[in-house]
1. Suppose the filter is buried (at least 20 other Cβ atoms within 10 Å of the Cβ), assigned by TED's automatic domain parsing to the domain that holds Phe561 and touching a Phe, Trp or Tyr at 6+ places or on another chain (Cβ under 6 Å); does Ser524 pass it?
2. Filter segment 32-67 down to the residues that are among the aromatic types (Phe, Trp, Tyr) and modelled with pLDDT of 80 or more, then identify the one that is nearest to the chain's Cα centre (by Cα).
3. Does any residue of segment 485-502 turn out to be surrounded by 15 or more Cβ atoms within 10 Å (Cβ to Cβ) and of a type in the set (D, E, K, R)?
4. Would you check which residues across segment 407-436 are over 30 Å from the mean Cα position of the chain (by Cα) and either surrounded by fewer than 16 Cβ atoms within 10 Å (Cβ to Cβ) or charged (D, E, K, R) (or both) and list them?
5. Residues in segment 337-371 that are under 28 Å from Ile315 (Cα atoms) and buried (at least 21 other Cβ atoms within 10 Å of the Cβ): how many?
6. If we keep just the residues of segment 654-692 that are under 20 Å from Arg743 (Cβ atoms) and touching a Lys or Arg at 6+ places or on another chain (Cβ under 8 Å), which is surrounded by the most Cβ atoms within 10 Å (Cβ to Cβ)?
7. Among the residues of segment 694-727 satisfying the criterion of being out of contact with any Phe, Trp or Tyr (no Cβ under 6 Å at 6 or more places or on another chain) and small (Gly, Ala, Ser), which is surrounded by the fewest Cβ atoms within 10 Å (Cβ to Cβ)?
8. Cβ contacts < 6 Å: first residue surrounded by fewer than 23 Cβ atoms within 10 Å (Cβ to Cβ) and assigned to a loop (DSSP other than H, G, I, E, B), restricted to segment 135-160; second residue among the small types (Gly, Ala, Ser) and at pLDDT 90 or above, any location; separation 6+ or different chain. Result?
Amino acid sequence: MGKTFHSTLATIFIIALLNTLQAQELKGFIFDTNNSPIPEVSVFVNGKKTVETNNEGLFTLSEVFKLPLKITLQHPDFYNVTVQMTKNNEAFQLSPLSKSEKLDEVIISSTYQKESKVLIPTKKISAEKFEEYSSRDLVSAINETPGVYIQSGAINTNRIVIRGVGSRTLYGTNKIRAYFNGIPITNGGGETAIDAIDPENIQTMEIVKGPKATQYGTNLGGTLLINSKQAAVGNSYFATNLSVGSFGLIKNTVAAATATDRFSLNLNYDHLQTDGFRENSDYDRKTLFLTSSYKLNPKNELGLLINYVDYLAQIPSSIGRTAFEEDPSQAAFTWKAAQGFEDNKQTLLGVSNTHRFSENFSNTSSVFYTYLDHYEPRPFNILDEYTNGYGARTVFAKDFSFLKNKANLSFGGEFYRDEYNWKTIENLYEENNGNGSLEGQLLSDNIEKRDNLNVFATVTLPFTQKLKGQFGLNFNQTTYDFTDDFNDGASNKSAERNFEPILAPNVNLLYQFNENSSVYFNFSRGFNYPSIEETLTPEGVINPNLGPERGFNYELGSELFLFKRKLHFQVNAYLLDIDDLLVAERIGDDQYIGRNAGKTQHKGIELNISYNQSVGRFLYISPYLNAEITDHTFIDFVDGDSDFSGNQLTGVPDKKVNGGINLSFKNFSLSSNFLHIGEIPLNDANALYSEKYTVFNTKASYKNQLSKVLSFEINAGINNFTDEKYASSVLINATGFGGSEPRYYYPGMPRNWYSGFKLKYQL
C-alpha cells in the first residue's frame, strides 16, 4: 500500500497545484455602514444555515456551490438581506437596526437542543477547531477550554475534570451530563463515555461549566451539548478520509449525506485501529452513525439518531514512578500477565418530534434507548456486564411579552431508567501458562435499576434594553434498586436506596453595556449522585449512609471586543463550595468504595484572549491564549486518623495554559499550539506531585477543488514534537500491594506523526 498510496498523493497534489486558481472555496466579507467587519452573521443557502462569519467578518463556504449563488444574511442587530453572490471574495454591507427595532427582536422558540440557551457566555467548540488536530483526537480541542481538563489514560479511558469537579473519579467521567443531538449519553449512574463519539461527526460542542444549565439537570461539573454534522439544504455528497500515523495508526471514515427542504440524512462509518506505544495497548474501533430528519408538515418534524460503537481495547493500566522514568512504554506487570482488555459494544437510539403550536410556542419530545455490552478481564477478577437504558424527554418553549420586550419560558422534564447487570468471575490467569485471562468460578451476580427524574423550568426576562435575567429551577428524584442474584437467604444483599429529592435554583444576570462589552453573574446549586462502585460496601451491600455531594456555585465575568472586534477578551472568576464530598477509598488492587468525606472549596480565574487579523486579501492570522489559575482545597477532610484539611485537592493542576496561532493563505493553512499543565497532587497528604509539562503540536493542510464536484484535502501533523515525557493521566492515592510500587502514572504519547487525505464528491 505504501508506494502506491504515496504516489497517488503526489499525483493529486501536483494536479491540485495546477488548478489552484481555477477552483477555490467560496469566501465572502460582511461589513457595516462604518466599514467595520460584522462577526456572527448567519449565512443561509437554500434556506439552511451553512456558516457564520468570524471576528473578521469573513465566511467560507466549504460546500461546492456554483456562482451566481443566492444567499441570505442574518444578524439580530442588522436588517436581514438576501443577495446574489457573483464572485469569490465578494463583500456585502448590512444596515443596523434602530434601538426600537432591536427591542422588538423576536426570540424564536426552538426546542431542538442545539444550544443550552444559557444567558451568560459558554464555550462553543466548532468542527474547524477539531480539524486543527488529528482525526482520532477528541481530547486536545476540548482541553483548550479554560476550566476544563481531560486526563486521557488511553483512547477509551478519559476523565473530564471541570473546575476541579470529577478529579476524584478514578477511571472515567461521572460528574457531568452530556447530550448528543438532544439525546442523553450519560447513563443512570452519571457516567459519560465521550470516546463513543467520533470527532469527525461533530459539528459543534458546547461546554457549560458548573450547574448553570437547569434543563439538563444540575451536575456540579457541568454539561456537554454535542451536535452532529449535516448537509446543507439542496446538497448531497459522498466523502472519505484516510489517516495514517505512528504506532500503526490507521483511521478510515466514509460519509454520505443529503438534504432537501423536507428530508435530511447523514450516514458515517468509521474504523480506527492502532498498536499503541505501550505494551498491551492495541485498539480497534468500528463506529456506525446515522442521523435523519423529516418534515411531516409545517408544524411537525421527526428526527432520528443511531450511534453504534464496537471496540476492543487492550489495557496497559498505570505504572509506578520507577517504571515511568525508565521505560514508560511498559504495561503494569499484572495487566500484562493477564492480557487485560475491554470488549465494548454500545448502541444509542433516539427518536424525536418537534411540534409548533404557533409562531411563539413549540414542543420537542424524544424517546431514547441505550445498550452497553461490556466484558473486561482484569487481574483481580473478570467483569461481565450489560446495561439496558431507556427514557423520555420533553421541552416546551414559549415566547411572551415582558415590559414591552420579548421574553422566553421553557419547561419540561426528563425521565431515565437503566438496568445495570454485572457479574464478577474469578481470573485464573496465573494458572493459564502465559495465555492471559481464564474464567474461574462465579464470584457475584447483581442487577441494579437506577431511576432518574428531572423536572425543570427556566424563564428569561429582559428588564431593560441592557439588563437581562434568567431564572431556573430543577427538581430531581433518584432511586437505586439493587438485586443480589448470587447469594440466598440471610446472605442475600438485595436492597433499595431512595435519595431525598433535591431542588436546585439557578440565577443568571447579563448586563450589556454596548455591543462590544458586557458583565455577567451566576448563582446556582448543583449535586452529584454516587456511582455504582461508590454505592456498594466491600461486602456488596448498598451503603445507606452514602448520599450525593452538593454545592453552591458563584461566578462573575466580563466579555470585551476591541479594535473593531478583532480582539476578543473574556475573563471570569468562580467560587464553588461542595459539601459531603464523594471520595473513593482504596481497599485492594484496583478496588474501591465510596463515602462522603467533608468539604472542598474550588476557586479559580479563567482567561480567553483571541485576535484575528487579515494581512492583504488572502492571508489571515489568528493567535489565541487561554489560561486558568486555580486554588482547590479541602476545607474539612478527615480520613481515619489523618486530617487533610487545608491541603490542595488531589488530581487537579494548579494552572493550565494553552495557546497557539492559526495561519491561512488561500488554500493553505497551518495550526501550531501548546498545552502546559502544572503540578498535580497525587495523594490527599500532598506528599507527592506529578511533574509539570508542556506539549507542542502542529498541523499543516492544503485544500482545493479538482472540479466543480470534486474536492480534496491533504494534511500532516506532529504531536509532542519536542518529545516531552509526561503523564497524560494520573491515578490518585495509589497504593502498592505485595511490596509493589504505587502505580500513579499513565504515560502520555511520545513524539508521533500523522497524515491524512480527504476526498469529497458533490452530487
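1. Here the answer is no, as Ser524 does not meet what is asked.
2. Step by step, filter segment 32-67, then rank; the result is Phe59.
3. Yes, segment 485-502 contains a residue that is surrounded by 15 or more Cβ atoms within 10 Å (Cβ to Cβ) and of a type in the set (D, E, K, R).
4. Lys423, Glu426, Leu428, Glu430, Glu431, Asn432, Asn433, Gly434, Asn435
5. The qualifying residues number 5.
6. Ile677
7. Ser707
8. The qualifying pairs are Asn156/Ala313.
The values are calculated or read from the model by the stated rules, or taken from the named source; none is laboratory data. Values in this document were obtained by computation on a predicted structure and should not be read as measured data. Heads up, the Cβs are rebuilt from the backbone with ideal geometry, glycines too, and the neighbour counts pull from every protein chain shown.
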